[in-house]
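Following: one structure in structure tokens, then a few remarks.
No lab work stands behind these numbers, since they all come straight from the coordinates. Model, not experiment: these values are computed from the prediction. Neighbour counts run over all protein chains shown; Cβ positions are idealised from the backbone, glycine included.
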Amino acid sequence: MLQLSSAERSSLRARAHSLAPVVSIAESGLTENVLREIEICLNAHELIKIRVYGDSRENRLAYLEKICSELGAAAVQHIGKLLIVYRPRPLDATTVNSNKSVKTRRPAKAPRLTKRALQG
């Protein structure tokens with residue numbers, strides 16, 4: 001399980017404030033399919049919100065613990081029925097190589113000054 005400092009956790013909470021939940025855990029609980037979907041979302045977004053439908057606080061805490069331990073993520077916050085989870089994106093060869101192929105842009109041309117702008 002990934003460990004975060006309190007400053008990192010605070011920063012991530014601020015970033016997560018405007019996020020909408022991307023995964024829901026319903027009455028079936030935390031199944032393998034739900035874990036797989038959380039894995040996909042973490043790879044795509046790094047920081048996600050998960051909505052848990054159910055009134056048991058103990059179940060929500062158990063879900064959060066299982067998600068973090070199995071997926072190597074960090075628990076940012078558990079507030080009500082929302083879980084906020086963070087895991088940095090893995091650096092792979094395709095990401096590094098794709099950054100090298102990005103072309104640099106030429107600077108924009110300076111705007112032409114007209115007689116009216118010069119008199120202005």
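Worth a mention:
- The range 82-91, residues that are part of a strand (DSSP E or B), crowded, with 19+ Cβ neighbours inside 10 Å and touching a residue at least 40 places away in the same chain (Cβ under 8 Å): ILE84, VAL85, TYR86
- Verdict on LEU42 being under 14 Å from PRO88 (Cβ atoms) and either among the basic types (Lys, Arg) or in contact with a helix residue (DSSP H, G or I) (Cβ under 7 Å, 6 or more places away or on another chain) (or both): yes
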